[in-house]
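This report refers to the structure that appears directly beneath it.
The values are calculated or read from the model by the stated rules, or taken from the named source; none is laboratory data. Every value quoted in this text rests on a predicted model; they were computed, and no experiment measured them. Using ideal geometry, Cβ is built from the backbone for each residue, glycine included, and neighbour counts are taken over all protein chains shown.
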Amino acid sequence: MIGRSEELGALREALAGARSGRGGAIFIVADAGVGKSRLMRESITRAGDSGMAVLRGRATQAGATVPYRPLTEALFSIVRSGAVPHDPDLAPYRPALGRLIPEWRDRAAPYAGDDSPVVLAESVLRLLSVVGRGRGALMCLGDLHDCDAETMGIVEYLVDNLADQPVLLLASIRSAPSPALSLAQSGARNRVAQLMEIGPLNDTEVGELTAACLGVGVAELPDGVLRWLVQSADGNPFVVEELLRGGIDSGALARTPDGWRMVEGVPRSVPSTVTSSVNDRARRLGPRWHRALEAAAIIGRHFPLDVLQRVTGLSDDELHTLVRAGTEAQLLQPSFSSPDWCTFCHTWTADALASGVLPSQRKALAAAAAGAVESLSPELPGELCQLAARLRLAAGDEPAAGLLYAMAGRRALGAGAAASAERLLDRALELLPPHTHAAQRAEVLESLLYALTEAGDIEQALRRGADLYTSTLLAPQHRAELLTRLAWVCVVGGHWDKAAEQVALARGLLADTMSPAHLAPLDVVEAHLLTLGGSQGDDQAARAEELALRAVRIAEEIPLPTTACQGRQMLALLARRHSFDDADVHLRRMFTTAEEHGLPIWRLRAQIRLATNELMRTGEPAQILLARQAALALGAVTAGMQADATIAMQQVLYCEFDQAEALADQLLESTTRMHQEGDSQFCLVIKIAAQAHQGRREAMRTLLAEFRQRGAEQSFHAPVVFGHRAICALLGEDRPGAEAEMARVREWERTHPTIYYQSGRYGLGVLLEVLAGRAGRELLAETGSAAAAQLRWNLQFVLAAEAVLLGRENAARAAGTKMAEALAAAAPFPMARHLILRLVAEAALADGWGDPVDWLRAAEQHFHGQDVAATAGACRALLRKAGVRVMQRRAGIGAVPAQLAARGVTAREFEVLTLLGERRANPEIAKLLFISPRTVEKHVASLLNKLDSADRRELSELVTQLYL
């Protein structure tokens, strides 16, 4: 730790921050040998001593394209210690984490949740947060410059999101250019990470290090040793130590009774001879062991022992002896993550040993090692495939290496590691000669396109797709399949124009050879384009339905189960226009198809959509809660978030505002981190709705500004926001403003496909039009024929509108009956129910029907309690207009029981009533309340009248009943 006091202070402060919940990331950047690992070991010791959880993982050069290797090693270190609590917050993420932690995999039900790397990154973040809760956690990732692309993606995600977590991420990186270094520099620029660049030791610090290594004081160092080390080591601590060790071994530095001394005439190593120092130590083990270590170095810094044994011909006992001797000489160290592998202590160690091998020998050893890898493990599992590819390349066989890299790339793609797959497949294309391996190159290019689409790199995928479209190496049918896949990726990402281009190209390729298997996926994509891609009019919807039906018919016959599920999902969306029951038929077929073909994620999507339809029909949340539990059990994080968003919006309608906003905030944080822009926009819609339904116009405007900043005013969420803004206007007694917002809803839905059915067009808008006298039976009949009008949120307003019309038609009894139906439909929605009472009461007063006074009293009580002053004031004004004496609102009215407040009992009268329940006389009550006995008599008389009581005794008994 000599010369590292500043760095140690920063690390100590960062560890303390993590323990108190203020996490972050520190990247230790330096050349090899300068001391990155020592700083990390010191941090690990300090973290362990303070009770923090410690996770350790390390990347290796051989594992640079093995997805998630460092993370897996790090998580093993904490899982095996039993330090992961069984926390309910972690439950939905355990299936995804099973991709990294085999012990968490459900062998009976393989993981079938979200393959998105963002979901996995969020899962790792949640795990670290749980592990560090209350004590802090340190996650150390060594040699990040050798890291695979997937781990880098998760590290980047963690760096962006650790600020409010009890976790410190500590990673070491070499100072040479690498993706890891770029990430560290970007994190430092964005102030989400600390870049700890470690330089060489100065002359004084080299002296301190030398003295410490030799066990003496700086003043006791022999003449010439410090000058030699300063000139030769360039301040690199590792080189200092290696030079000292080499000098001692060679006899150039000797211990005498009088202390250490330099021996004249014995060669002393210089920086370029560190290689010799390593080789000298290897030679001292004996010629056979030296040659074996050279062979191991050709295989790589991290090498399998059985391959080394096959190449060198060592027996089992000899192999064990080599590993033990190499470890004692500080050349080798066992691999803790892979027991059958071994690792050189430093990259320099392997490079130094390999440098002593002649080029021809190197090629021969690499070829022999590649043959050994392939014969010992013909399937080439895990990182063996990449190892064999690297060895074939070192042996000079580029085509063989290219084919192996292609195999590794396809495997990585199958495992969901799209970024690693892209790197491997690109490498394969570089190595496969076009003139001799044209067909293989075409197959690699096809796989590369799939990798790019899985990675979400739409632009690059489209560029590669253009190459494929003009390529003669792939059959037209293959090119059309790839273009169709590209089109679907564009649809999912909302790139409508690009999706349409791919569909047109694919149809052009298949103009004369369109088979049903090619037709169905294209039809599904085009149906989505017609419905969601900005198309207008019923003709487009009819065409979309026609295409989706044709696709489903073909897909279910072939079968193409994923295409069938996609088509049924679209048909369910289209069927909502006419019947939610018909939509459910499609969703149940989708569920059955997914069940029969082992597509659990599509089964879950069907379940969530069925539950959503049921929720909108009945207002009952039981089914959507069950669907959410199913998503958690499956580990389908994004699907679970969609269910949560539906639940949160329903909580707004139930007036459970605190719960809704808390859930929306949680979802907004997660979806923003995971770059799910559409879902993030809907989370803002929930928050906007929560403010709107409380009449908080300014708070709503602030959220609307953020909504606009995200470009969401042109999204499918727009009409829903207009509808909630109308409600906010009504709660502010701004009837023209509410009507203007509903006009915006109608205009939007006239020129865009209808995706949401609770925006007000089929409910609140109808009631406002009827109240304004601009609509009558014709609009009511037209609305009533729509399936959306039967959704419970809409039905309450439609029934209220019909009650108003009946009242105008002098059908008072029928109007009252219809109003009772409206209030029954409104039972789950407190705000909407009382808003209906306020709006309809005004019409009922004018037309002379119903119980408008009681309705206004109930509405006034509710809105006063909710601090919606404008609506409560309007209710009081209407009551006065009706000739009713209105209670005086005092502080404490919220304490009046609802049944008394509905009868007009004021706060002061309730105070008098409470004292009557204690059998107190008027003078005593007057004294306690600081009012005159005459005023008490007035309050008692008023209470007798309002509560239909004969005398004080009945009032007293009423108080007793209230508190039983």
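Below, the figures for the structure above:
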quantity	calculated
Helices (runs of 4 or more DSSP H) wholly inside the range 895-961 containing at least 3 residues that are on the phi < 0 side of the Ramachandran plot and crowded, with 19+ Cβ neighbours inside 10 Å	907-917, 922-929, 933-946
Subset of the range 845-864 that is in a helix (DSSP H, G or I) and in contact (Cβ under 8 Å) with a residue 40 or more places away in the chain - its residue that is surrounded by the most Cβ atoms within 10 Å (Cβ to Cβ)	Phe863
Verdict on Ala367 being in contact with a helix residue (DSSP H, G or I) (Cβ under 7 Å, 6 or more places away or on another chain), in a helix (DSSP H, G or I) and buried (at least 17 other Cβ atoms within 10 Å of the Cβ)	no
Residue in the range 330-347 that is hydroxyl-bearing (Ser, Thr, Tyr), at pLDDT below 85 and under 28 Å from Gly247 (Cβ atoms) present	yes
Unique residue being outside any helix (DSSP H, G or I), outside the structural domain of Gly300 (by TED's automatic domain parsing) and either out of contact with any Phe, Trp or Tyr (no Cβ under 7 Å at 6 or more places or on another chain) or of a type in the set (Asp, Glu) (or both) when the list is Ser43, Ser81, Ser37, Ser77	Ser81
From the options Arg245, Arg283, residue that is modelled with pLDDT under 85, of a type in the set (Lys, Arg) and within 30 Å of Leu293 (Cα to Cα)	Arg245
Any pair with Cβ under 8 angstrom, 6 or more apart, that starts in the range 599-610 at a residue that is surrounded by fewer than 24 Cβ atoms within 10 Å (Cβ to Cβ) and ends at one that is of a type in the set (Asp, Glu) and part of a helix (DSSP H, G or I)	Arg603/Glu595; Leu610/Asp584
When residues of the range 18-44 are limited to those that are among the basic types (Lys, Arg) and touching a Ser or Thr at 6+ places or on another chain (Cβ under 7 Å), the one surrounded by the most Cβ atoms within 10 Å (Cβ to Cβ)	Lys36
Qualifying residues in the range 734-756 (those that are over 20 Å from Glu778 (Cα atoms) and touching a Leu at 6+ places or on another chain (Cβ under 7 Å)) - the one surrounded by the most Cβ atoms within 10 Å (Cβ to Cβ)	Ala738
Residue in the range 413-442 that is farthest from Tyr68 (Cα to Cα), counting only those that are buried (at least 18 other Cβ atoms within 10 Å of the Cβ) and among the charged types (D, E, K, R)	Arg441
Matching residues, the range 476-497, being surrounded by fewer than 19 Cβ atoms within 10 Å (Cβ to Cβ), modelled with pLDDT of 75 or more and not aromatic (Phe, Trp, Tyr)	Pro476, Gln477, His478, Asp497
Subset of the range 492-508 (residues that are touching a Leu at 6+ places or on another chain (Cβ under 7 Å) and either touching a residue at least 40 places away in the same chain (Cβ under 8 Å) or not aliphatic (A, V, I, L, M) (or both))	Trp496, Lys498, Gln502, Arg507
Count - residues of the range 205-241 that are touching a Phe, Trp or Tyr at 6+ places or on another chain (Cβ under 8 Å) and closer than 21 Å to Asp280 by Cβ	3
Qualifying position, being of a type in the set (Val, Ile, Thr), out of contact with any Ser or Thr (no Cβ under 9 Å at 6 or more places or on another chain) and part of a helix (DSSP H, G or I), among Val745, Val798, Val766, Val840	Val840
Answer residue from the range 49-74, given it is in contact with a His (Cβ under 9 Å, 6 or more places away or on another chain) and either surrounded by 22 or more Cβ atoms within 10 Å (Cβ to Cβ) or under 22 Å from Gln165 (Cβ atoms) (or both) and is modelled with the lowest pLDDT among those	Gly63
Some residue of the range 665-682 being in a helix (DSSP H, G or I), at pLDDT 95 or above, among the hydrophobic types (A, V, I, L, M, F, W, C) and in contact with a helix residue (DSSP H, G or I) (Cβ under 9 Å, 6 or more places away or on another chain)	no
Residue check, Ser81 modelled with pLDDT of 85 or more and either among the hydroxyl-bearing types (Ser, Thr, Tyr) or touching a strand residue (DSSP E or B) at 6+ places or on another chain (Cβ under 6 Å) (or both)	no
Number of positions in the range 151-179 that are under 15 Å from Ala419 (Cα atoms), touching a residue at least 40 places away in the same chain (Cβ under 8 Å) and over 20 Å from the mean Cα position of the chain (by Cα)	0
In the range 352-377, the residues that are under 40 Å from the mean Cα position of the chain (by Cα) and touching a residue at least 12 places away in the same chain (Cβ under 8 Å)	Val373, Glu374
Residue within the range 130-141 that is buried (at least 19 other Cβ atoms within 10 Å of the Cβ) and either free of Cβ contacts under 8 Å to residues at least 24 places away in the same chain or of a type in the set (Ser, Thr, Tyr) (or both) present	no
Unique match (being within 43 Å of the chain's Cα centre (by Cα) and assigned to a helix (DSSP H, G or I)) among Thr343, Thr349, Thr321	Thr349
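Condition check ((1) free of Cβ contacts under 8 Å to residues at least 24 places away in the same chain; (2) among the small types (Gly, Ala, Ser); (3) in a helix (DSSP H, G or I)) across all residues:
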residue: Gly695; (1), (2), (3): no, yes, no
residue: Glu698; (1), (2), (3): yes, no, yes
residue: Ala726; (1), (2), (3): no, yes, yes
residue: Gly760; (1), (2), (3): no, yes, no
